[in-house]
Each structure stands twice: as structure tokens, then as C-alpha cells.
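A.B. asks: Questions regarding the structure given below will be posed in turn.
The values are calculated or read from the model by the stated rules, or taken from the named source; none is laboratory data. In this text, all values refer to a predicted model and were calculated from it rather than measured experimentally. Cβ: placed from backbone, ideal geometry, glycine included. Neighbour counts: every protein chain shown. Accessible surface areas use protein heavy atoms only, side chains included; no ligands, DNA or RNA. Shrake-Rupley method; radii C 1.70, N 1.55, O 1.52, S 1.80 Å.
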Amino acid sequence: MLPHAPSSVAVARKRLSSELTASGVYDSVIDDASVIVSELLSNALRHARPLPSGQIRLAWDRNGDLIELEVSDGGSSTEPRRGP
């Protein structure tokens, strides 16, 4: 869980990078995962409300060569609309 604040992006990147480094993941993969986490969190901060706790949730799981990244937020006040 992270505060619904821009500073959480850097905190999340650092935590993710540290954990993946410790588990032996290649630097290039860590760099890619960090960019993806930054984008997901930035989008959640920009376009969504926080969870009822006032936070956003970031989770990741490594299973062999697969790294799964997940961000949960409180959703938006509007529904997405299909474009042309």
C-alpha cells in the first residue's frame, strides 16, 4: 500500500528494483519493470481516486521468467468511452 501521491512512484520503483535485484533478475528486465510500474502508478494517480483507505495498492509476483505487476486504485468518477 502506498499513499495516493506522486512521491509514491519513486518509492515503488525503488522497492521493486531492490527486490528484483535481490532475486537475481537481469538489470534490463528490472529497468523495463520499473518503467511499467511508473506508468501504471502515474495513470492511477492522474486518472483515478484512491482506495477507501486513501492509498493505492501495488503488488508484484515473480514466477520463473514471468513478472506480474498489479496496481489497484479506487476507480474513476466517469466511465471510459469508446473512441472512433
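A.B. asks: How many residues are farther than 12 Å from L2 by Cβ and not charged (D, E, K, R) when one looks only at the range 30-47?
C.D. replies: 9
A.B. asks: Working only within the range 1-12, note down all residues that are open to solvent by 90 Å² or more (accessible area, probe 1.4 Å) and either within 14 Å of W60 (Cα to Cα) or not in a loop (DSSP other than H, G, I, E, B) (or both).
C.D. replies: Listed by number, the list holds a single entry, M1.
A.B. asks: Hey, does the range 29-44 have a residue that's more than 14 Å from the chain's Cα centre (by Cα), at pLDDT 95 or above, outside any loop (DSSP other than H, G, I, E, B) and surrounded by fewer than 16 Cβ atoms within 10 Å (Cβ to Cβ)?
C.D. replies: Within the range 29-44, one or more residues are more than 14 Å from the chain's Cα centre (by Cα), at pLDDT 95 or above, outside any loop (DSSP other than H, G, I, E, B) and surrounded by fewer than 16 Cβ atoms within 10 Å (Cβ to Cβ).
A.B. asks: Within the range 45-78, how many residues are in a loop (DSSP other than H, G, I, E, B) and of a type in the set (S, T, N, Q)?
C.D. replies: 4
A.B. asks: Now for a separate question. Within the range 45-55, does at least one residue satisfy the condition of being without any contact (Cβ under 8 Å) to a residue 24 or more places away in the chain, closer than 15 Å to S8 by Cα, open to solvent by 70 Å² or more (accessible area, probe 1.4 Å) and charged (D, E, K, R)?
C.D. replies: yes
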